[in-house]
Amino acid sequence: MKKLLFVIAGTILISCSEASLQTGVSAKFESIKGNEIALREFIQAMPKGGDLHNHLFGAVYAESWIKWAEEDGLCLDKAALAIRFPSGAGCGELPTMKAALNFNQDLRNEVIENFSLRDFVPTAGWSGHDQFFATFADMAALPSRFGDMVAETANLAGEQNVAYLELLHTMELFETILPMVAAIPMSGDAAKDYETLMGGEFGKALPDMIARARRDTDTAMARKNNLLKCGTKNAKPGCQVEVRFLNQPVRTLPLSAVYAHQIFGWALMAQDDRFVGTNLVAPEDDYIALRDYDDHMEQLDYLYQTLGSRNVSLHAGELWLGLVHPSELRNHINDAVKIGHAKRIGHGTDIVFETNYKALLKHMADNEIMVEINLTSSDALLGITGEKHPLTVYRAAGVPISLSTDDEGVARIDLTHEYIRGTQEFDLSYAQLKDMTYNGLRYAFIDDTKKAELIKALDDKFIVFESQF
């Protein structure tokens with residue numbers, strides 16, 4: 001009888017323990033997974049760490065590009081549905097944006113859709129990949145809108161309780177560096193090419209470029225604070241978001257321009273702690289990007305070994321079978337990590353096509369090389385979604401991951417949307433989602449003191465949030 005009582009008591013104890021695990025915040029989360037509006041309400045209110053893969057130009061919504069163009073007297077190319085800058089004579093034969101869109105909602109809608117993936121439907125010869133990358137040639141704003149862009153992006157994050165942003169941003173490249181170095185031939189020897197660039201006009205102009213970039217950032221951040229009313233009783237949520245920047249060279253430009261802009265970024269990171277890393281951007285499947293991939297990695301390696309270590313995050317493996325020749329799927333992530341010194345990988349969708357990918361996954365797990373997962377972007381650009389996406393492969397291998405937005409304005413999403421998508425597509429638990437949001441701070445490139453401060457603040461926010469359940 002005593003033995004039977006012990007068995008009954010033990011069974012009751014186990015049952016009570018299991019029941020306790022199904023109460024509180026986790027139980028609430030599980031109960032609303034199938035209800036998207038309830039899930040949106042829950043996740044939007046949930047504290048979030050960082051969005052570590054967020055392109056500033058791509059983060060801005062089409063309506064804002066239009067608004068700024070209207071206010072600043074920019075022009076509309078109706079044939080291309082693109083913003084154009086006026087010349088000394090104004091817009092010439094083109095209408096101003098304000099005149100063209102005044103009371104013309106149909107044309108306004110066409111411009112919005114050209115600047116984004118809104119209502120996009122692929123057609124023969126025009127994919128989501130084509131539409132996405134084409135938007136950047138048509139959107140434009142005056143340089144003075146830099147601060148407006150940061151304000152919009154920070155406030156959208158703040159309204160979702162996101163603590164930290166690393167915004168990819170390009171400075172000095174197109175207006176200064178590209179025309180200065182485009183015609184300079186490169187040998188492919190990173191050391192020799194460094195001396196060629198630094199011994200010419202670029203090297204002489206570099207200090208002035210760095211000083212100008214820092215002044216422009218000062219102006220932009222002051223503008224952001226003013227627009228968001230930071231430091232006043234009417235401060236907007238974006239004031240609570242810590243913002244840093246990543247330098248973003250464009251990998252489809254001439255090799256000399258990519259290298260020069262990497263050198264610029266290395267110097268900028270050394271002199272301005274608001275710039276915390278670097279990341280190559282533009283379509284990885286582009287002919288030039290593929291042709292020069294090895295050279296780009298060698299350039300990064302030379303700068304890292306010679307000028308001192310910097311934080312590197314690289315778009316790598318944003319490819320898929322059929323998009324490129326199979327040989328291009330074999331080594332990009334591996335080389336980004338082992339030659340390019342990437343501490344984080346953006347996208348990494350083609351991981352299972354990499355040579356010896358299981359060994360690579362172990363290397364990434366052992367060395368805590370985080371992957372920045374962008375679910376909507378991977379779907380729209382590559383058609384990779386659900387069980388085709390390697391999120392579960394990375395998790396099973398112990399590779400740290402975090403969800404991010406990539407280009408939330410072009411995609412018409414926000415970080416909450418990506419958390420919802422991740423939850424529903426991969427049946428993520430509350431604990432798994434919470435771990436990912438902490439990874440957005442653990443693997444941030446911000447200095448250790450500020451990182452510890454942000455993590456402590458996130459701890460405190462989660463205590464309050466979870467106490468409701």
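When you check ALA89 against the structure, is it out of contact with any strand residue (DSSP E or B) (no Cβ under 7 Å at 6 or more places or on another chain), of a type outside the set (D, E, K, R), surrounded by 13 or more Cβ atoms within 10 Å (Cβ to Cβ) and farther than 21 Å from PHE133 by Cβ, yes or no? No. Of everything in the stretch 346-394 that is basic (Lys, Arg) and farther than 30 Å from ARG412 by Cβ, the residue that is surrounded by the fewest Cβ atoms within 10 Å (Cβ to Cβ) is LYS358. The condition (being of a type in the set (Gly, Ala, Ser) and either closer than 21 Å to ASP273 by Cβ or surrounded by 19 or more Cβ atoms within 10 Å (Cβ to Cβ) (or both)) is satisfied by just one residue among ALA211, ALA191, ALA182, ALA205: ALA211. Applying the criterion of at least 1 residues that are outside the structural domain of SER404 (by TED's automatic domain parsing) and of a type in the set (D, E, K, R) to the strands (runs of 3 or more DSSP E) found wholly in the stretch 43-113 leaves 75-77, 82-84.
Residues of the stretch 62-79 that are over 23 Å from the mean Cα position of the chain (by Cα), within 30 Å of GLU418 (Cβ to Cβ) and buried (at least 23 other Cβ atoms within 10 Å of the Cβ): ALA69 alone. Can you pull out the residues in the stretch 445-469 that are closer than 21 Å to VAL371 by Cα, in contact with a helix residue (DSSP H, G or I) (Cβ under 8 Å, 6 or more places away or on another chain) and not in a helix (DSSP H, G or I)? If the condition is that a residue be closer than 21 Å to VAL371 by Cα, in contact with a helix residue (DSSP H, G or I) (Cβ under 8 Å, 6 or more places away or on another chain) and not in a helix (DSSP H, G or I), then ILE446 is the only one that fits. A search for C-beta distances below 8 Å between a residue of the stretch 443-469 that is in the same structural domain as VAL243 (by TED's automatic domain parsing) and any residue that is loosely packed, with under 15 Cβ neighbours inside 10 Å and in a loop (DSSP other than H, G, I, E, B), counting only pairs 6+ apart in sequence or on different chains, returns TYR443/GLU368; ASP447/ASP273.
In the stretch 230-248, is there at least one residue being of a type outside the set (Phe, Trp, Tyr), in contact with a helix residue (DSSP H, G or I) (Cβ under 9 Å, 6 or more places away or on another chain), under 22 Å from PHE353 (Cα atoms) and touching a residue at least 60 places away in the same chain (Cβ under 8 Å)? No; the residues of the stretch 230-248 include none that is of a type outside the set (Phe, Trp, Tyr), in contact with a helix residue (DSSP H, G or I) (Cβ under 9 Å, 6 or more places away or on another chain), under 22 Å from PHE353 (Cα atoms) and touching a residue at least 60 places away in the same chain (Cβ under 8 Å). Look at (1) modelled with pLDDT of 95 or more; (2) loosely packed, with under 10 Cβ neighbours inside 10 Å and you find that ALA59 fails only one, number (2). Going by what's in this entry, would THR232 be described as over 20 Å from ALA157 (Cβ atoms), surrounded by fewer than 20 Cβ atoms within 10 Å (Cβ to Cβ) and of a type in the set (S, T, N, Q)? No: the conditions fail for THR232. Within the stretch 310-323, residues that are in contact (Cβ under 8 Å) with a residue 24 or more places away in the chain and within 20 Å of ASP294 (Cβ to Cβ) reach partners that are among the basic types (Lys, Arg) and part of a loop (DSSP other than H, G, I, E, B) with beta carbons closer than 7 Å, at six or more positions or on different chains, in the pairs VAL312/LYS343; SER313/LYS343.
Condition check ((1) under 17 Å from LEU391 (Cα atoms); (2) in the same structural domain as LEU403 (by TED's automatic domain parsing); (3) hydrophobic (A, V, I, L, M, F, W, C); (4) touching a Gly at 6+ places or on another chain (Cβ under 8 Å)) across all residues:
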| residue | (1), (2), (3), (4) |
| --- | --- |
| THR306 | no, yes, no, no |
| ILE333 | yes, yes, yes, yes |
| GLY348 | yes, yes, no, yes |
| THR355 | no, yes, no, no |
| LYS358 | yes, yes, no, no |
| ASN367 | no, yes, no, no |
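Take ASP406 and decide whether it is closer than 27 Å to ASP295 by Cβ and at pLDDT 95 or above. So ASP406 passes the test.
State yes or no: is GLY24 in contact (Cβ under 8 Å) with a residue 60 or more places away in the chain, touching a Leu at 6+ places or on another chain (Cβ under 6 Å) and under 30 Å from SER429 (Cα atoms)? No; evaluated as a whole, the condition is false for this residue.
For the stretch 286-298, the tally of residues that are surrounded by 18 or more Cβ atoms within 10 Å (Cβ to Cβ) and either in contact with a Cys (Cβ under 8 Å, 6 or more places away or on another chain) or outside any helix (DSSP H, G or I) (or both) stands at 1. For the stretch 154-270, no helices (runs of 4 or more DSSP H) sit wholly inside it while including 3 or more residues that are touching a Phe, Trp or Tyr at 6+ places or on another chain (Cβ under 7 Å) and of a type in the set (S, T, N, Q). Among the residues of the stretch 240-268, those identified as of a type in the set (A, V, I, L, M, F, W, C) and touching a Gly at 6+ places or on another chain (Cβ under 7 Å) are VAL241, LEU246.
The values are calculated or read from the model by the stated rules, or taken from the named source; none is laboratory data. The model shown is predicted, which means the values in this text are computed figures rather than measured ones. Ideal geometry is used to build each Cβ from the backbone, glycine not excepted, and the neighbour counts take in all protein chains shown.
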